[in-house]
DNA sequence: GAGGTTGTCTACCGATCGGTAGATGGTCGA
DNA sequence: TCGACCATCTACCGATCGGTAGACAACCTC
């Protein structure tokens, strides 16, 4: 009866749950699967998280924090609009490469409804506000096409998340598309799309 | 014991199943719920579709046909690139307004894996080929920014589907956003984004 | 109007799900 | 050293799930 200790195991369960919830959806993943993947019985999982929903909420919060950490670090020292956009997107793509189910879980959070997604977004709120102020400033001084900054942010979000989660569609639409090289190509594509969404209509 | 007759009921079941699969996901929706929403017992549903998976496949095929019909009709008589893009997007947004779960189901199809999505995409293959040829021609004569046409199509797909399915995210990121007016606003936003993705980098 | 076909039902089954109860062992501080 | 606590387990429960078996009624055909 090995004892890994409390916090460590708790984190292991959350990470595995994010993988499963991302891959199979909240309803499609069972506590049994998650527990056994961690190498523990279901009842042990229920010792850490009294219900499935409690586990979900812990995952949502953890995902929000992970994302905030990743994006926050990417923003350090970046000044121009383009540097920032590029750095954030690159960091998220790196995260997705190391942990493919992560963006899927984020999307699942959105699918589960506003309440679930709010758990993720709560931690990200300061970053959201910064991003919107930043976009607004860029529009005011003419470096970014004038538009609703919040809607623009939403469009950027769907573009990045879609590119990271719709791999099945990509395989069917584009043809064989696996591995690291493909992810890199999609990152370039997203960057081009973001450039298009940001640049003023008259070009330069 | 009313008898609605075979084909009519079959279609009613498929439409309700698309709603439920779209809203709750394939795993999250039960045959019981679908059947009772149609006003029929689960065993009657199983008379039409011997297994849940068979019902799913029927839904995938039906969704593909619905989409092909909608897009095909939107393309009639449109000539320029912009007219076509606008018409297709508008038709899809109209479909989504009348049937909000429809785009959610399409996204669920992608989530279920390449095999499931292939059932939808099969019917759409001629349209996909036309779109790619069309984009390629536009790039060749300089009306569209040069890029991989298949990847561009994928990006457009994720933009439209994302805008239609990530309503929860939108509510959190943008704030209250319900009803017809909001959908119209999002359609304009998507159109702007598509324009950005299509236009050559030097403006015009 | 008899008989097959089609559509809908009641009744039930085994598996699995999320969750409860409680025993057991390991660890550590008093 | 001994008792409290922490972590993990075995055993089990009621509900629900997808699916089967089969009765039965309405309809069509001849």
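Every read-out reported here was derived from the displayed coordinates using simple, explicitly stated rules and does not represent laboratory data. All values reported here derive from a predicted model rather than from experimental measurement. Methodologically, a virtual Cβ is constructed for each residue, glycine included, from the backbone with ideal geometry; neighbour enumeration extends over all protein chains shown.
Seen from all directions on average, the stretch A:65-204 presents a Cα convex hull projection of 9.1 nm². Each principal axis of the Cα atoms in the stretch B:155-196 has its own extent, and those three values, largest first, are 26, 17, 14 angstrom.
Return an integer: the convex hull volume of the alpha-carbon atoms of the stretch A:29-129, in Å³ per residue.
112 Å³
From Cα pairs below 8 angstrom and at least 6 apart in sequence, can you work out the relative contact order of chain B, rounded to a whole percent? Relative contact order comes out at 21 percent. Ranked by the mean number of other Cβ atoms within 10 Å of their residues, highest first, the peptides A:99-109, A:32-42, A:116-126, A:178-188 fall in the order A:99-109, A:116-126, A:32-42, A:178-188. Can you pull the semi-axes for the stretch B:120-189, root of five times each eigenvalue of the Cα gyration tensor, sorted largest first, whole Å? The three semi-axes for the stretch B:120-189 are 30, 15, 10 Å. On a per residue basis, the convex hull of the C-alpha atoms belonging to the stretch A:1-78 measures out at 95 Å³. Remark: A:80, A:44 ranked as A:80, A:44, counting other beta-carbon atoms within 10 Å and listing the fewest first.
Its alpha carbons considered, the protein assembly as shown gives a radius of gyration followed by a Dmax of 22.1, 72 Å.
Every helix of 4 or more DSSP H residues in chain A counts as -39500 (n - 2.57), and over all residues that averages to -26000 deg cm²/dmol at 222 nm. Once the Cβ-Cβ distance of residue A:94 and residue A:30 is raised to the sixth power relative to R0 = 35 Å, the FRET efficiency obtained is 0.70.
Axis angle, to the nearest 10 degrees, between helix A:179-198 and the longest C-alpha principal axis of chain A: 40 degrees.
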